[in-house]
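Data block below; observations after.
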Amino acid sequence: MNRIARLMAAAALCCAASLPAAAQATSGNNNIYADLPFTMQPVAEPQIPDYSVSLADFGGVPDGTTMNTEAFKKAIAHLTERGGGRLNVPRGVWLTGPIELKSKINLHLEEGALVLFSGNRADYPLVDSYFEGVRSYRCMSPLTANNAEDIAITGRGVFNGNGQNWRPVKRGKMTDGQWKKLCQGGALNKRGDIWYPTEQIRDIDADRDKYYQQAYDKNTPEAWQPLHDYLRPALLSFIGCKRVLLEDATFENSPAWNVHPLMCKDLTLRNVTIRNPWYSQNGDGLDLESCSNVAVTGCSFDVGDDAMCIKSGRDEEGRKRAMPTENVIIRDCRVYHGHGGFVIGSEMSGGARNILVDNCLFIGTDTGLRFKSTRGRGGVVEDIFIRNIGMTDIPGDAITFDLYYGGKAPLETTTGPDGKPAPAIPAVDETTPSFRNITMDNVMCNWAKRAVHLNGLPEMPIKGITITNSILSAEQGAMLNYIDGLTLDNVKINNKTGETLDKRNGVTNLTVK
């Protein structure tokens with residue numbers, strides 16, 4: 001087959017990626033393990049007793065104004081005493097504080113059911129938790145489970161986190177009319193370009209390092225309490241859980257990250273919708289952190305930060321945890337707005353490996369495939385397999401690896417502890433992040449600002465990247481910096497300006513077929 005014929009065949013495969021999941025027949029239980037490039041055990045789903053109750057039986061009132069926190073607690077306690085079962089939430093608007101799931105319980109929302117979490121921040125007590133890869137006190141998440149087994153959230157209802165009562169908003173992300181309406185309440189920073197729900201949240205943010213240092217010095221709930229309203233929770237926080245199923249439900253409008261499973265094993269997300277306003281600060285969609293044996297199929301994302309993100313802890317704490325995110329299947333998903341469609345990092349100090357991303361669409365995400373880290377993280381990201389990806393209207397990079405995320409530019413001299421200039425290129429040690437053995441096949445992008453950005457470290461280049469059977473149309477071509485082993489096989493980069501392959505520093509073992 002000549003080169004043109006191969007490219008046409010690859011384009012045909014891209015068209016197939018846009019078909020519904022049912023037509024592709026890849027997301028059913030019997031097919032998600034087809035053609036896996038690594039070995040993993042099938043994801044075990046929860047086993048929950050065949051017993052059910054209705055929230056209305058425990059005093060729940062779906063009028064949108066009655067608080068149902070106690071009704072949820074009573075219903076879950078009853079199910080726990082009976083050995084588990086299903087809690088049915090009928091159609092209606094159920095206002096509530098946080099809900100804590102216990103083992104062997106399925107929280108089932110009937111179609112037309114809206115669980116609206118309270119906008120009163122006082123309803124969410126401080127708890128010992130995690131945020132952005134490190135242990136920290138946070139406000140209790142609206143949906144919480146700790147060390148539970150066999151738990152599920154199912155049904156076609158909606159969970160709304162009332163996140164607008166927590167999040168700041170940047171002026172540049174709103175129209176004049178939206179900004180004017182927003183500023184009828186809340187408080188602005190000194191420059192007038194960031195809105196906060198309250199003056200207290202604004203003042204803490206203005207001097208955050210001081211407040212955090214005071215809290216960490218004692219590190220007790222009492223020491224953290226003055227920061228309470230600033231410590232935005234994820235909408236869903238499941239920590240140390242086993243055999244978890246999220247199916248059909250919608251999770252939206254989170255105070256911070258949306259769905260955050262941490263140190264969980266045997267996790268299934270099937271046909272879930274995850275939404276945050278596009279302007280939401282820290283508005284990630286799905287953050288899989290230090291999880292193993294995961295299947296994500298048929299899900300939809302439209303969020304304010306990274307959409308599907310792989311994490312494993314930050315810096316020394318993440319390395320000591322030593323729990324990579326591994327054995328993950330992501331198939332038949334679509335992403336609309338988001339900073340990245342599929343992302344690894346930047347908190348990946350425990351590593352990531354054996355991950356397949358297949359048959360996904362990124363429509364207007366800021367970047368498409370995004371890998372990011374920085375010096376100090378450590379961690380090894382390896383054996384990542386990406387195929388059958390369709391992208392359009394990407395204002396940034398279709399494919400990007402940036403090992404200077406939030407850090408210094410290549411070869412920029414920094415200052416050492418003694419105040420003298422430190423070497424521009426540090427020695428490799430446990431704090432050096434490593435990305436290697438990553439393959440991408442049949443990646444199609446009809447427009448991006450730049451096709452490819454590979455920006456490795458001089459002391460640790462990005463190693464073993466293979467891209468095959470792909471067409472990337474963009475304003476700019478590929479920028480390569482510190483790469484050891486890049487193979488482009490049957491890849492067409494349609495760039496309008498500049499060089500197709502802009503080789504900067506340290507590019508070795510480049511193969512173009």
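The values are calculated or read from the model by the stated rules, or taken from the named source; none is laboratory data. Note that this is a predicted model, so its numbers are computed, not measured. Cβ atoms come from the backbone with ideal geometry, glycine included; neighbour counts cover every protein chain shown. These accessible areas exclude ligands, DNA and RNA; they are computed on the full protein's heavy atoms, side chains included. Shrake-Rupley method; radii C 1.70, N 1.55, O 1.52, S 1.80 Å.
Some values worked out for this structure:
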quantity: Ranked order, Asp150, Asp63 - accessible area, probe 1.4 Å, largest first; calculated: Asp63, Asp150
quantity: Where labels lie 7 Å past Cα in the beta-carbon direction, separation of Arg156 and Thr65 in nm; calculated: 3.0 nm
quantity: Highest to lowest packing among 126-135, 220-229, scored as the average C-beta count within 10 Å; calculated: 126-135, 220-229
quantity: Average projected area [Cα convex hull, the chain], square nanometres; calculated: 25.5 nm²
quantity: Out-of-range pairs (alpha-carbon distance over 25 Å; input Lys242/Lys463; Lys210/Lys320; Lys173/Lys449); calculated: Lys242/Lys463; Lys210/Lys320
quantity: Probe 1.4 Å, all protein chains present, accessible-area order of Lys311, Lys320, Lys74, Lys102, largest first; calculated: Lys320, Lys74, Lys102, Lys311
quantity: Partners for Lys170 among lysines (Cα-Cα distance below 16 Å; same-chain residues under 8 apart left out); calculated: Lys180, Lys181, Lys190
quantity: Rounded Å value of the spacing that divides the Cα centres of the stretch 75-140 and the stretch 448-477; calculated: 42 Å
quantity: Solvent-accessible area per residue, Å², over the stretch 48-179 with all protein chains present [probe radius 1.4 Å]; calculated: 41 Å²
quantity: Accessible area of the stretch 254-338 divided out per residue, in Å², using a probe of 1.4 angstrom; calculated: 23 Å²
quantity: In Å², nearest 10: area of Thr500 left accessible to a 1.4 Å probe; calculated: 60 Å²
quantity: Label-to-label distance, nm, for residues given as Thr198 and Asn509 (7 Å Cα→Cβ offset); calculated: 5.5 nm
quantity: Antiparallel DSSP beta bridges within the stretch 73-205, as percent of all bridges there, nearest 5; calculated: 35 percent
quantity: Per-pair calculated FRET efficiency, R0 = 35 Å: Glu81 and Asn120 via Cβ, rounded to 0.05; calculated: 0.75
quantity: Helical mean residue ellipticity (222 nm; -39500 (n - 2.57) per DSSP H run of 4+; nearest 500) of the chain; calculated: -3500 deg cm²/dmol
quantity: Average Cα contact separation per residue, the chain, under 8 Å, 6 or more apart, as relative contact order %; calculated: 10 percent
quantity: Per residue value of the accessible surface for the stretch 339-391 (all protein chains in place, 1.4 Å probe), Å²; calculated: 18 Å²
quantity: Accessible-area composition of the stretch 68-152, carbon plus sulfur, in percent [1.4 Å probe]; calculated: 45 percent
quantity: Heavy atoms of Asp383: accessible area, 1.4 Å probe, square angstrom to 10; calculated: 50 Å²
quantity: Whole-percent carbon and sulfur share, accessible surface of the stretch 221-274, 1.4 Å; calculated: 45 percent
